[in-house]
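Undergrad: Have a look at this one before I ask anything.
The values are calculated or read from the model by the stated rules, or taken from the named source; none is laboratory data. Predicted model, so just to flag it, every value in this text is computed and none were measured. FYI the Cβ positions are ideal-geometry reconstructions off the backbone, even for glycines, and counts take in every protein chain you see. These accessible areas exclude ligands, DNA and RNA; they are computed on the full protein's heavy atoms, side chains included. Shrake-Rupley method; radii C 1.70, N 1.55, O 1.52, S 1.80 Å.
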Amino acid sequence: MASELVWPYVNLEEKPTVEDYLKWAQNQTDHIFQLKYEQIFFYLQAIINFRIGIHMNKPLLKAAARRMFAPIWSARRHPIYRLIEITDEEQMLWLKPEIRNLIQEKIVISRSGFLNQHQGLDAILEEINKALKSLIPLIPSQRHWEIAARNCIKFTKLRSNLFNIIGYSENETYGPRIRPDFITESCRFRTQIRKTQFVNPNINNRIFQSIDGEWILSEEMKKFTEIAQIKRIEFIKSTLIKKNSSSTWCSIPITYEEAKLQQAETSLTKSQILSIINSLTPFLNDLDRLRFRNLSNKSRDNLITILQEIKNIIAENNINSNEEIEKNNK
């Protein structure tokens, strides 16, 4: 996609340069081009910078990447990450400079000893957590976790020795790969992009819609970054200054249909919102269901926030279940 964003400029200019391209891209008024330009060169680049900051142990690059990507948490369905990001920033500001510098230098470690192979502590804990999960039953109790944690190294050695004896490999693939390789997929994607002139800002009378034309994008998506930054600033003010983080929050709608549904929800009465929440709670697990009980005394604004939170949980559960299905099918 990055190459396709550059292609219209290169196709027009006889002597293209990076500086001229940046000026040309910033002057484009086509909304689809602007949206894809921000997604690739702002947010995706922020993820790449964050990973480089972790691997190379560069705290300033990591912090800059987090702040560049932070508006996404306020833009879509990530309220918990938005709160974590602001709380972490606040805690770091209250620390003494020498303690803050120590945390920034030691927040990643190199287990291999190579300077370009650092890992974040959260990633290391996630690896340990996955290893523990492979040693316990599907529905573990606290006792199972304690036993696995105390004997993790012994269990892992026993497991690897057993697999070596029986000739089993965990990385073994079952059947041929059904998907094409990355190069083939990239060529097909670029062919489709150029055929539809999806990111070419020089095409007139283009509709603000998805590649296949199935979805019409919302008007809010045209100003996605601007709205996301405003939402982040409002959240910081309400959390740190007004000490009130329970205000009504709505994600930036992606499609026209999602925008219409969001507008319809803002006009619902309190009883209607309660009935929608009650219809969605059966799709939650037991712990989440206990959190959303006895809501009749809540205000209408709080119920809208709770309804959005429930939808976020259901959406995340669906994503996780789909990923598990894909893993099992491979």
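Undergrad: Which ones in the range 180-201 are open to solvent by less than 70 Å² (accessible area, probe 1.4 Å) and touching a residue at least 24 places away in the same chain (Cβ under 8 Å)?
TA: Correct list: I193, F198, V199, N200, P201.
Undergrad: Write out, first by first residue and then by second, each pair whose Cβ atoms fall under 7 Å of each other, whose residues are 6+ apart or on separate chains, and whose first residue, in the range 212-238, is open to solvent by 90 Å² or more (accessible area, probe 1.4 Å) while the second is of a type in the set (S, T, N, Q).
TA: W215/Q209; W215/T255
Undergrad: Restricting to the range 202-211, and then to whatever is assigned to a loop (DSSP other than H, G, I, E, B) and not aromatic (F, W, Y), can you tell me which residue is least open to solvent (accessible area, probe 1.4 Å)?
TA: S210
Undergrad: OK, next. Identify the residue in the range 278-330 that is basic (K, R) and not in a helix (DSSP H, G or I) and, among all such residues, is modelled with the lowest pLDDT.
TA: K330
Undergrad: I'm told E13 meets every condition in (1) touching an Asp or Glu at 6+ places or on another chain (Cβ under 8 Å); (2) in contact (Cβ under 8 Å) with a residue 60 or more places away in the chain; (3) of a type outside the set (A, V, I, L, M, F, W, C) except one. Can you identify the failing condition by its number?
TA: Answer for E13: the failing condition is (2).
Undergrad: Quick check on the range 1-25: of everything there that is surrounded by 12 or more Cβ atoms within 10 Å (Cβ to Cβ) and of a type in the set (D, E), which residue is farthest from F198 (Cα to Cα)?
TA: In this case the residue turns out to be D20.
Undergrad: Mind checking which residues of the range 264-277 are part of a helix (DSSP H, G or I) and either among the aromatic types (F, W, Y) or within 14 Å of K298 (Cα to Cα) (or both)?
TA: Once the filter is applied, which keeps residues that are part of a helix (DSSP H, G or I) and either among the aromatic types (F, W, Y) or within 14 Å of K298 (Cα to Cα) (or both), the range 264-277 yields K270, S271, Q272, I273, L274, S275, I277.
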